[in-house]
Structures are given as C-alpha cells and as structure tokens.
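Okay, structure first, notes after.
The values are calculated or read from the model by the stated rules, or taken from the named source; none is laboratory data. These numbers were taken from a predicted model, which means no experiment stands behind them. Every residue, glycine among them, receives a Cβ derived from its backbone with ideal geometry; neighbour counts consider all protein chains shown.
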Amino acid sequence: MSFDLSVFSNKNIILAVTGGIAAYKSAILVRRLKDYGFNVRVVMTHGAQAFITPLTFQALSGNPVHTELLNPEAEAGMGHIELARWADLVLVAPASCDTIAKFAAGLADDLLSTLYLATKVPVWIAPAMNQQMWAAKATQRNLNTLVEDGVHVIMPDAGSQACGDVGLGRMPEPEDLAEQVKDYFHQAQRALAEKFGLLAGKRVTITAGPTREAIDPVRYISNHSTGKMGFAIAAACYTAGAKVTLIAGPVSLDTPNGVKRINVSSALKMLDESLHQLEEGCDVFIATAAVADYRVAEVAEHKIKKAGDELNIALIKNPDIVATIAQQEKRPFMVGFAAETRNVEEYAAGKLVAKKLDMIACNDVSRADIGFASDQNAMTVFFADQYQLEKRDLEKASKQEIAQQLVEAIHDALNHEIEPV
Ligand code: C5P
C-alpha cells in the first residue's frame, strides 16, 4: 500500500533533450517521472534527434514533442512562451556542451535556448559529454556562469564513456534524476505544509495495527487489525504539516512518506514507546491500535507441548494505553477510536468520558462494508464538552478520505478549545 503515488499530478516538467549518446537514458527518465505522477513535455534540439526520435518521447510522455522555434503550426499548438509558463521545472538531460555554451551566452536561436530565457521556473541541467570536453576551460567557465545565474547543475558521474574514455561526464542514471526531481517537489510541498497546513508544526503520535501477545516462543494471541486506518491517518497528518511518529504493531504496510515508524509487538512495548514519545514532545496522540485487552500471565520459556484434552492459559489485563497517556501531566490532545457492533454511539460517548479523551471516532464494525480489513470506512466523531462542537458524521469514504476529515476535525477542535481539561 503506497500513499504518495500521483501526488505530483499537478506538477509539470519540461524535459529538454540535447545531442549526446546519453539521450537514450532520457527515454527511461520520462517513464520514471511519469511513474511519480508528473506531467512531462519533451523539448528536443536538432542534435538530440540524431540520437533518438521525437516519436519515442511522444509515446512515452503522452504529449506532442516540441522541436521547432519558428514553426507556425507548432507555435499555434503550444508556443515557446506558453511552454515556458506551463512548466514548474525545466530539466535539461543530457545537457550538451553546445547547449551549456548557448545558455551561458544568452543566445536564442532555437526552441530550447529561447525557452531557457523565457522561463521563470528553476532550470536544472545534467551535463553529459566526453571527459575532456567536460574538463575544457570553456565548458567549466560556462558552467560557472550558469551556476551564478541560478541554474542547478547535476554533476555527471565518473566512469567509462561511450567514446571509450574513462572519467567525469556520464549522465546520472534516470532513476537518480527522477528521484532528485521528486525530492525537490516533495521538500517544496513540505515547506508549504509546515507553514500553512492544518496541523502545521504539530507533533503527532499514532498507534496502529494489532498487538501480539506471546504465549510461548512460537505462539501468540492477536487480532485481525490491518493498521490501514492508522497508516492513512499518519499520511494525512504528515501532509497537513505535522511531524508524525507511528507506533505500529505487526502489519504488512509500507511506511507512509515522511513518517517516523517504530515497530512494536506487545501492548506493553506499545505503551513504553507511547510514554517515550510523550517525553520527546507530543501535541496530539491518536490511538487507532487494536490493543489486545489481555496478555498471557506467564509466557512459557519453551514451546508448550501437546498434552491432555484441555489447555488453560491464564490471562491478565493489559494497560489501557490511550487512558494512561491521557492521565499524564504533559497531556497531549487525545483522540481515541471505538469499534462497536451495537449501541455504537452510546458506547463511544461513554469511552470518551471514561478514558478522558478530547475526541473519539467510532464505527459500526457489524457493517460488512466498512471497518477492519476494508479499504472504506464511515465514522461518527464526538468531541469532549469543552470544545462546544457538534458531533460530526463522516460519510462512507476511502480510509484516506476519512483520515483527511479526521485531520480537519482535530484541527477544528484545537482551534475551538475553550479551557483545557
Ligand atoms: O476500550 P476499547 O478497546 O474499545 O477502546 C478503544 C480505544 O482505546 C482505541 O482508541 C484504542 O486504540 C485504545 N486502547 C488502548 N489501549 C488498550 C485498549 C484500547 O489504547 N489497552
């Protein structure tokens, strides 16, 4: 399960391909950028077309390829000024010596050099050339000029070159380039979220998944919780600008982007880590974990052997993690969950008070279409009295959408608080 695919679907990249054998790598680069969800338009110089055809890039990018400056038909489609405005980033890969020289000199005699002058957005270049051409004084002088002009230069790799030489000048692998582009946009988004997001700067701890209570070295007691809801909430909190720690029981889910994950197994360990997070600093605590209510009183040191028709195992009560955290002096804003099969709202409201929570989200797990292993959920949220907020129904939606609505509910409560408990 992944949370950040297509997150860049509103970001536009112009990939400019210039003349060099590394142009073949740019075809893969288009694929990788598309995999991250970027919109890609390719601009090619005449030199590039000696190495690879526009048709290849058209097929891979799903967009017409731009090659001419003074072509009325092409300009009528998307001219150089429009292209320059469309882009959020211009990536020149490979960037030839000639293109670098043109950029440095401010020439405007083809589509790419004109586009370079006409764009306000960041320009990145990935030079690729013979190692001697890279080392040439003119190239280095031009590169220095470009750096001074604000161009980001992606250093070439060292190694054996298509011409037989060994040295600096190889274009980095497409995967590396695409990842650098992704990281750039990710950091930019993050900076915005940290400043303006609904949970900007808040430190959030989330428990998720089941716990596993050992019986002996090979057996345990657990439950069917998948952790999907908690993981979706962690992703939504991070997107809202929070610093998120996810204390996860044993689940098979990918860690959401940007989230710090701490894996635990038992309820006692989950409580330990939760108390530790409180010491580290926590503003909001969200308990989505399906914590085992009981654990085995005495875990057998060795595997229990089959004997007799009955086996009795004594269980003792586990601590209530969310209630324990709510009793601490440095108490964060507390959010609990309640999964019920009947009298859903009554039981949930009771838990809100009994566990001293600020907010509780409850769902009816007797409904086959939502909850536990399902990808969908529907919930009702109750707030503690002092927030003077109405209960809120979250209609059936994907767990990601429910998570987003929960973030909004937490934000609203944090901003309505009259008197802390
Ligand atoms: O009492 P019940 O298990 O229904 O309460 C559910 C809420 O309490 C959830 O938020 C759950 O994560 C939390 N809980 C806990 N520690 C326990 C049991 C439940 O944090 N031992």
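Of the numbered criteria (1) within 13 Å of the ligand (Cβ to nearest atom); (2) at negative phi; (3) surrounded by 14 or more Cβ atoms within 10 Å (Cβ to Cβ), the one Leu394 fails is (1). The single condition from (1) under 26 Å from Gln376 (Cα atoms); (2) within 16 Å of the ligand (Cβ to nearest atom) that Leu315 fails is (1).
Each residue in segment 298-318 was checked for being over 41 Å from the mean Cα position of the chain (by Cα), of a type in the set (A, V, I, L, M, F, W, C) and farther than 11 Å from Val218 by Cα, and 4 of them qualify.
Residues to consider are Ile325, Ile360, Ile286; find the one that is within 14 Å of the ligand (Cβ to nearest atom), assigned to a strand (DSSP E or B) and touching a residue at least 40 places away in the same chain (Cβ under 8 Å). I'd like the intermediate steps shown before the answer.
Values: Ile325 fails: assigned to a strand (DSSP E or B); Ile360 fails: touching a residue at least 40 places away in the same chain (Cβ under 8 Å).
Result of the check over Ile325, Ile360, Ile286: Ile286.
Within segment 328-355, if we keep just the residues that are within 17 Å of Phe285 (Cβ to Cβ), part of a strand (DSSP E or B) and within 13 Å of the ligand (Cβ to nearest atom), the residue that is modelled with the lowest pLDDT turns out to be Ala338. Scanning segment 110-138 for residues that are within 23 Å of Ala74 (Cα to Cα) and without any contact (Cβ under 8 Å) to a residue 24 or more places away in the chain turns up Ser113, Leu117.
Just checking, does segment 294-306 include any residue being within 11 Å of the ligand (Cβ to nearest atom) and modelled with pLDDT of 90 or more? There is at least one residue in segment 294-306 that is within 11 Å of the ligand (Cβ to nearest atom) and modelled with pLDDT of 90 or more. Of the candidates Leu177, Leu168, Leu146, the single residue that is more than 16 Å from the ligand (Cβ to nearest atom), farther than 23 Å from Tyr24 by Cβ and touching a helix residue (DSSP H, G or I) at 6+ places or on another chain (Cβ under 7 Å) is Leu146.
If I ask for residues that are over 24 Å from the mean Cα position of the chain (by Cα) and over 21 Å from Ala326 (Cα atoms), which ones from segment 351-377 would you list? Once the filter is applied, which keeps residues that are over 24 Å from the mean Cα position of the chain (by Cα) and over 21 Å from Ala326 (Cα atoms), segment 351-377 yields Asn363, Asp364, Val365, Ser366, Arg367, Ala368, Asp369, Ile370.
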